[in-house]
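Report on the following structure.
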Amino acid sequence: MRLSEENLMDVSKRFRREMDKGLGRDTNPTASVKMLPTFVRSTPDGTENGHFLALDLGGTNFRVLLVKVSANGKQKVEMENQIYAIPETLMRGSGSELFDHIAECLAVFLDKMGIKDQKLPLGFTFSFPCRQTKLDESILVSWTKGFKASGVEGRDVVGLLRKAIKKRGDFDIDIVAVINDTVGTMMTCGYDDHHCEIGLIIGTGTNACYMEEMRNLELVEGDEGRMCVNMEWGAFGDDGALDDLRTNFDREIDAGSLNPGKQLFEKMISGMYMGELVRIILVKMAREGLLFQGHTTQDLLITGHFRTSYVSAIENLNVCVRCVQRGTAPSPSQLIRSRGPESRRGTRGAMPPAGHVRLAVTQPAHPASYAAPTRVTVSTLHFRPQNCVIFLSSLFLL
């Protein structure tokens, strides 16, 4: 269950090779890390202004936001948002029903905000592997994270959303862009800190993006300037590159998933599978007489019945027990505050000097809250643009 520094360095080298394959025109088709172009050519410069809608779909819940951005001498962002659930029946039903549900929730939100008669620009964050040919078109490559809605893979998700909205006929919006959540993380942090050029997601799933030099991105014509690359690194290992490091627990989780053989790296580290990993280990220990006096329960033997939120609840209970033993037990409000603005909004220090970049990370403020990740700006990291690919591969050492 533990990797040596030598193992980690070896994994880093394997990962770098897969990234290079993904960037190459001829090698991309067989690369597990697809390095998808996003057609986002720059990060925010602070002059953005206006009212916008945002739709964020990437897990069992999705968010609709009204964002008011002003730049009258001072950057200011105001947001109203609402979280809506996606029932499991829709996650695994038909694509038309899924997008009809999204359009209905969007209509409810516009009614609530009193802006249903306005045609506002909307940015669509769609956090699944997609191929883009332009900023407002995104073809779903494959569902991940428990989704299996039929009739969506291989189709333009923006077109499906537009169709669902048009079918309703009670409101109209202008979908101007579709991006991945990693790109949204990077852009959001970049609005406050213009040195942020990397986005990293650690939540229900995991992924990363970064600004790449066009001359290194053979999948798109032209070599001037830069473009954000959506790495889709959750699929690292799908070609067997991690087979020697995967445990029997990893293989069991994969076998019981909706997409066996796919997103293997994601299944090894992300929140969606953490509860199932603990369940499998508990069952093994109990059967070997190392836990629960050798007994199991029917519920513990059912795949998926031990949720990731339970892991968090147990950890919180352990923290509270230790505090009680020391006579320093915090109140619930103190526990909430103890996570602090640093854990929720990021540490806002001085701007890094030239030659440095900030890494924007989206991770749950609390392991139980995988449906509502928050953005954290990690410490300044030394960075040279030409070595971005090498730097990203070193994230395996964190």
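The values are calculated or read from the model by the stated rules, or taken from the named source; none is laboratory data. Computed from a predicted structure; not experimentally measured. Positions of Cβ are generated from backbone atoms using ideal geometry, with glycine treated the same way; all protein chains shown enter the neighbour counts. For accessibility, only protein heavy atoms count, side chains too; no ligands or nucleic acids. Shrake-Rupley method; radii C 1.70, N 1.55, O 1.52, S 1.80 Å.
Summary of computed values
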item: q = 0.24 Å⁻¹, segment 47-143: log10 I(q)/I(0) [Debye, one scatterer per Cα]; result: -1.33
item: Calculated FRET value between residue 134 and residue 295, using beta carbons and R₀ = 56 Å, to 0.05; result: 0.45
item: Value of relative contact order over segment 16-164, rounded to a whole percent, pairs C-alpha under 8 Å and six or more apart; result: 22
item: Cβ-based net charge around residue 100, under 12 Å, with every Lys or Arg adding one and every Asp or Glu removing one; result: +2
item: 16 Å Cα-Cα reach of residue 167 towards aspartates and glutamates, excluding residues that sit fewer than 8 places from it in its own chain; result: 97, 100, 104
item: Length added when fully stretched, residue 70-residue 315, from 0.36 nm per residue minus Cα-Cα; result: 84.1 nm
item: Proximal charge balance of residue 123 [Cβ under 11 Å; K/R count +1, D/E count -1]; result: -3
item: Summed side-chain charge close to residue 178 - residues other than residue 178 whose Cβ falls under 10 Å, Lys, Arg +1, Asp, Glu -1; result: -2
item: Centroid-to-centroid separation of segment 1-58 and segment 103-158 [C-alpha atoms, Å]; result: 21
item: Filter on 68/163; 13/134; 34/134; 13/145; 76/119; 76/134 - keep pairs with C-alpha separation over 20 Å; result: 68/163; 13/134; 13/145; 76/119; 76/134
item: With all protein chains modelled, accessible area of residue 48 [1.4 Å, Å²]; result: 60
item: Amide H partners (placed H, <5 Å) of residue 198, local residues excluded; result: 360
item: Extended-chain gain in nm, criterion 0.36 nm per residue less alpha-carbon gap, residue 245 and residue 172; result: 21.3 nm
item: Carbon + sulfur, % of accessible area of segment 35-142 - ligands and nucleic acids excluded, 1.4 Å; result: 48
item: With all protein chains modelled, accessible area of residue 291 [1.4 Å, Å²]; result: 50
